[in-house]
1. At 0.36 nm per residue, minus the direct Cα-Cα distance, what do F252 and R274 gain on full extension? Give it in nm, one decimal, please.
2. Extension gain S45-V89, at 0.36 nm per residue separation less the Cα-Cα distance, in nm?
3. Tally Lys/Arg at +1 and Asp/Glu at -1 over every other residue whose Cβ is under 15 Å from the Cβ of R97; what's the total?
4. Can you show me the helix-derived [θ] at 222 nm for the chain, built from DSSP H runs with n ≥ 4 at -39,500 (n - 2.57) apiece and divided by the number of residues, rounded to the nearest 500.
5. Normalised by the empirical 2.2 N^0.38 Å for globular proteins, what value does the Cα Rg of segment 39-164 take?
6. Could you work out the local net charge near P26, counting Lys and Arg as +1, Asp and Glu as -1, over the other residues with Cβ closer than 10 Å to its Cβ?
7. For the pair E144/D239, report the inter-label distance in nm, with labels modelled 7 Å from Cα in the Cβ direction.
8. Pairwise over distinct Cα atoms, reciprocal of the mean inverse distance: report the Kirkwood radius of the chain in Å, one decimal place.
Amino acid sequence: PGRLRKIAPALFHAPHYNVPRLYEGPLVVTVHDLNHLLFPQFARSPFARLYTQWMLGHIRKRAARVLADSNRTRDDLVRFGVPLNKITVVALGVEERFRPVPADEAAPHLKKYKLEGGYLLYVGNVRGIKNVPRLIEAYTLLREKYKIVPPLVLVGRDQMAAEKAAGTLPGVRFLGAVDSESLPALYSSAGLFAFPSLYEGFGLPPLEAMACGVPVVASTGGSLPEVLGGAAVLTDPTDVHALAEALGRVLFDNALQKDLVAKGLERAAMYSWRITADETFQVYREVLS
């Protein structure tokens, strides 16, 4: 607050809902999702729900405009009392570096992580809300049904101590956080990308995978059907058998793979950070006018 008083901005944009309580100028707030209110059982702190409710109450009163990543997040905000006329949906974008990486270019990155192409890939924080335990369970069912199944590679910060045991499960590789420059190559070398999240306010990883030319199996959680359109195979995130069936269908159906890759590339191209920036700046202009 002290720094803001010195700067005296014409407008302050908080890119998350933890807004400065003592700031009294024009305020724009981005809310990516309301996980802590919708799924409090997965919060890392018992105070997360109370904190979110407290901040959301301040936003309802003070924000001139609230940016939501998706129509689903907009609807969730309305459900928790934010006036609809305060909300503008501004989708996120896919970075240009996410593109199909040729095999020779990807090879050094695969060597670095001791991988061979064709694996099943998950990218994202390893948390309960991301449904990683059910993904591992579905993968185990897949291995029981088929003789030869590529490894399941998990990439992301581990926020569930129990999931560290994934490294001892047959076929499961947990890489943890990887170098940013390796990520496009890791996406591009996957045979399939799996994203069974229970809830997403947007969902960037499956779009990044699509931009890299990888077929995607995702869940119907939150905004994923809206964001991914018809470019992914979608399943109920709570149905392990349906998830295993979808993984197997995409993994062993070449025609389906080609169709999903083509649709995915087209879908991912719709999401640009330039568009996000333009639409965000338009909100600034409207608030200041």
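1. Gain on stretching F252 to R274: 4.2 nm.
2. 13.0 nm
3. -4
4. -12500 deg cm²/dmol, from helical runs alone.
5. That ratio works out to 1.46.
6. Summing Lys/Arg as +1 and Asp/Glu as -1 gives +1.
7. Distance between the two pseudo-spin positions: 1.8 nm.
8. Across the chain, the inverse of the average 1/r is 20.2 Å.
The values are calculated or read from the model by the stated rules, or taken from the named source; none is laboratory data. Note that the coordinates shown come from a computational prediction; the quantities given were computed from them, not determined experimentally. In this analysis, Cβ positions are derived from the backbone assuming ideal geometry, glycine residues included, and neighbour counts consider all displayed protein chains. With ligands, DNA and RNA removed, areas are computed over all heavy atoms of the protein, side chains included. Shrake-Rupley method; radii C 1.70, N 1.55, O 1.52, S 1.80 Å.
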